[in-house]
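A.B. asks: Handing you this structure, nothing more for now.
The values are calculated or read from the model by the stated rules, or taken from the named source; none is laboratory data. Bear in mind that the values here come from a model prediction, so they are computed numbers and not experimental data. Because the Cβ atoms are built from the backbone with ideal geometry, glycine has one as well, and the counts that use them run over all protein chains shown.
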Amino acid sequence: MDEHEQSELVRSWLRNNSGALAGGLIVGLAAILGWQWWQHNQSQHRHDAATAYQALQQVVERKDAAAVDQMAGELGSRYANTPYGMLGLLQQADQKLSAGDADGAQAALKEAARVAQDPALAALAQVRLARIQLGAGKAQDALDSLAKVPAGSYAGLAADVRGDALRALGRSADAQAAYEEALGALETGAPNRTIIEMKLADMGVTPAEPGA
């Protein structure tokens, strides 16, 4: 085909496909604008969550228990898909525990572990939950909570609490193994190493030297 025939072919194709081209252009623009709107919405949502958490911190400093409870609950429900929702629930658990409400603290920590986006934060909530359960005399519940902590997450702290729970259940050999695991996971200068060594000594066990 010569140039004239080629141009006529192009014009004919455009006439026959103009509707599809326009539709594709509209769909493409809508997708781009929708993506930009979603990105902006998510950014605003995270900003609002951070602002709400800062406000919660100020209330915590004022030791306003009722306000902490309310604001932390709102953070956990409205911003559960951000780290601030989980952190707010941790603050609520602390407030409940300080007020002597162990059951309320456990409920807040269970919810924190459920909504946590970061596995490390979920593990932290489970370890704290286990400590409270152990303090409430629920050693088996503490072990069940620690079983949900991924291997390697807060290994020293988790093993220490596990040792306490096992010892409370009368499982001395298992408790000793857990304490020794905790010592192996903790750094030499960790402040809680001495406490764990004292627990072993109380059981008549001489802790192994670091690195042995």
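A.B. asks: Specify the residue that is surrounded by the fewest Cβ atoms within 10 Å (Cβ to Cβ); the eligible residues are those in region 56-71 that are free of Cβ contacts under 8 Å to residues at least 24 places away in the same chain and touching a helix residue (DSSP H, G or I) at 6+ places or on another chain (Cβ under 7 Å).
C.D. replies: So the residue we want is A67.
A.B. asks: Looking at L109, L75 in this structure, which one is in contact (Cβ under 8 Å) with a residue 24 or more places away in the chain and outside the structural domain of V149 (by TED's automatic domain parsing)? Let's see the steps before the verdict.
C.D. replies: Working: L109 fails: in contact (Cβ under 8 Å) with a residue 24 or more places away in the chain.
Of the residues listed, the single one that is in contact (Cβ under 8 Å) with a residue 24 or more places away in the chain and outside the structural domain of V149 (by TED's automatic domain parsing) is L75.
A.B. asks: Restricting attention to region 88-98, does a residue exist that is of a type in the set (D, E, K, R) and buried (at least 22 other Cβ atoms within 10 Å of the Cβ)?
C.D. replies: Restricting attention to region 88-98, the residues satisfying the condition of being of a type in the set (D, E, K, R) are 94, 96.
Adding the requirement that they be buried (at least 22 other Cβ atoms within 10 Å of the Cβ) leaves 96.
Within region 88-98, one or more residues are of a type in the set (D, E, K, R) and buried (at least 22 other Cβ atoms within 10 Å of the Cβ).
A.B. asks: Can you work out which of the residues in region 188-212 that are surrounded by 10 or more Cβ atoms within 10 Å (Cβ to Cβ) and part of a loop (DSSP other than H, G, I, E, B) is modelled with the highest pLDDT?
C.D. replies: Only one residue fits best here, namely M203.
A.B. asks: Now for a different question. With the structure loaded, tell me whether A158 is in a helix (DSSP H, G or I) and assigned by TED's automatic domain parsing to the domain that holds A190 or whether it fails that test. So that I can check it myself, show each step before the final result.
C.D. replies: Working: in a helix (DSSP H, G or I): yes; assigned by TED's automatic domain parsing to the domain that holds A190: yes.
Judged against the criteria, A158 is a match.
A.B. asks: Looking at Q140 and the list (1) surrounded by fewer than 19 Cβ atoms within 10 Å (Cβ to Cβ); (2) under 26 Å from L87 (Cβ atoms), which single condition is not satisfied?
C.D. replies: The failed condition is (2).
A.B. asks: Can you tell me which residue among A122, A182, A112 is assigned to a helix (DSSP H, G or I), closer than 30 Å to R78 by Cβ and out of contact with any Leu (no Cβ under 7 Å at 6 or more places or on another chain)? Quick ask: steps written out before the conclusion?
C.D. replies: Numbers: A182 fails: closer than 30 Å to R78 by Cβ; A112 fails: out of contact with any Leu (no Cβ under 7 Å at 6 or more places or on another chain).
On inspection, the qualifying residue turns out to be A122.
A.B. asks: Looking at Q70, Q91, Q95, which one is under 18 Å from the mean Cα position of the chain (by Cα) and in the same structural domain as A108 (by TED's automatic domain parsing)? If you could, list the steps in order and put the result at the bottom.
C.D. replies: Values: Q70 fails: under 18 Å from the mean Cα position of the chain (by Cα); Q95 fails: under 18 Å from the mean Cα position of the chain (by Cα).
So the residue among Q70, Q91, Q95 that is under 18 Å from the mean Cα position of the chain (by Cα) and in the same structural domain as A108 (by TED's automatic domain parsing) is Q91.
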